[in-house]
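Inspection log for the structure reproduced underneath, given as structure tokens.
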Amino acid sequence: MTAILLCVGAYVAGSIPFGVVVARLKGVDLRKVGSGNIGATNVARALGKGWAVVVLAADAAKGFVPVWLGRRLGLPPSVVALAGFIAIVGHMFTIFLRGRGGKGVATSLGVALALSPVAALLGFGVYIVVFAATRLSSLGSLLGVWTFSLYFVFRYAPAAPFVGLAIGGAALVTLRHRENIGRLLRGEEKRT
């Protein structure tokens with residue numbers, strides 16, 4: 001029962017579109033501004049960097065809390081990994097926006113922080129460096145999420161469910177960026 005409640009809670013929490021909520025409080029429809037995405041990057045475009053940091057932290061918490069809580073409760077790795085994955089899926093396919101959500105980067109960061117703060121900060125550092133050099137958030141996000149995943153898997157050799165979470169989460173984030181990848185390859189991706 002605890003495992004079921006954790007996974008259901010992870011999906012519901014993951015589904016909360018903090019970017020949309022914050023933007024709406026400021027009188028902005030985030031889905032009609034910039035890229036139309038509900039994440040922190042588009043919040044930065046629409047409302048400024050300060051609000052983007054707030055949304056980034058809130059979206060990361062959606063991924064961090066289920067994984068942290070599951071480990072704290074001593075649940076099996078399979079349950080903890082599933083809860084983390086479900087939180088990411090919840091952000092991407094939110095029930096509050098008829099299944100249309102974000103790209104899962106910040107929520108994946110939260111999951112990563114709960115799994116391995118060192119690996120998560122390494123991935124985030126790669127994002128910062130790439131973004132600072134190119135002003136391409138999508139490129140930084142993709143390189144950052146894969147840096148975390150590969151470092152975490154090969155450095156720590158975690159239990160198989162956590163390997164699945166790290167690789168599966170990175171693959172999902174990559175799939176959600178498929179249009180960005182196309183624009184990157186054509187040299188048409190917007191700089192932030």
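Of these, G102, G110, which one is touching an Asp or Glu at 6+ places or on another chain (Cβ under 8 Å), free of Cβ contacts under 8 Å to residues at least 60 places away in the same chain and crowded, with 24+ Cβ neighbours inside 10 Å?
Criteria check complete, one pass: G110.
Exactly one of (1) of a type in the set (V, I, T); (2) surrounded by fewer than 22 Cβ atoms within 10 Å (Cβ to Cβ); (3) closer than 19 Å to P66 by Cα; (4) touching a Lys or Arg at 6+ places or on another chain (Cβ under 9 Å) is unmet by T134. Its number?
Result: T134 fails condition (3) only.
Please verify whether region 29-40 includes one or more residues that are closer than 19 Å to G169 by Cα and assigned to a helix (DSSP H, G or I).
Yes, because at least one residue in region 29-40 is closer than 19 Å to G169 by Cα and assigned to a helix (DSSP H, G or I).
Residues being outside any helix (DSSP H, G or I) and either in contact with a strand residue (DSSP E or B) (Cβ under 6 Å, 6 or more places away or on another chain) or closer than 19 Å to M92 by Cβ (or both): count how many of those fall in region 119-177.
The qualifying residues number 1.
Just to check your reading of the model, which residue among A81, A3, A57 is of a type in the set (A, V, I, L, M, F, W, C) and crowded, with 19+ Cβ neighbours inside 10 Å?
On inspection, the qualifying residue turns out to be A81.
Can you tell me which residue in region 25-43 is nearest to S138 (Cα to Cα), limited to those that are in contact (Cβ under 8 Å) with a residue 60 or more places away in the chain and surrounded by 20 or more Cβ atoms within 10 Å (Cβ to Cβ)?
The qualifying residue nearest to S138 (Cα to Cα) is T41.
Out of R155, R186, R191, report the one residue that is farther than 17 Å from G84 by Cβ and in contact (Cβ under 8 Å) with a residue 40 or more places away in the chain.
That would be R191, the only listed residue that is farther than 17 Å from G84 by Cβ and in contact (Cβ under 8 Å) with a residue 40 or more places away in the chain.
Looking at K49, is it within 18 Å of L109 (Cβ to Cβ) and either crowded, with 23+ Cβ neighbours inside 10 Å or at pLDDT below 95 (or both)?
Yes: the conditions hold for K49.
Within region 1-46, track down each residue that is at pLDDT 90 or above and hydroxyl-bearing (S, T, Y).
T2, Y11, S15, listed by residue number.
The values are calculated or read from the model by the stated rules, or taken from the named source; none is laboratory data. The shown structure was predicted, so the numbers you read here are calculated from the model rather than taken from an experiment. Every residue, glycine among them, receives a Cβ derived from its backbone with ideal geometry; neighbour counts consider all protein chains shown.
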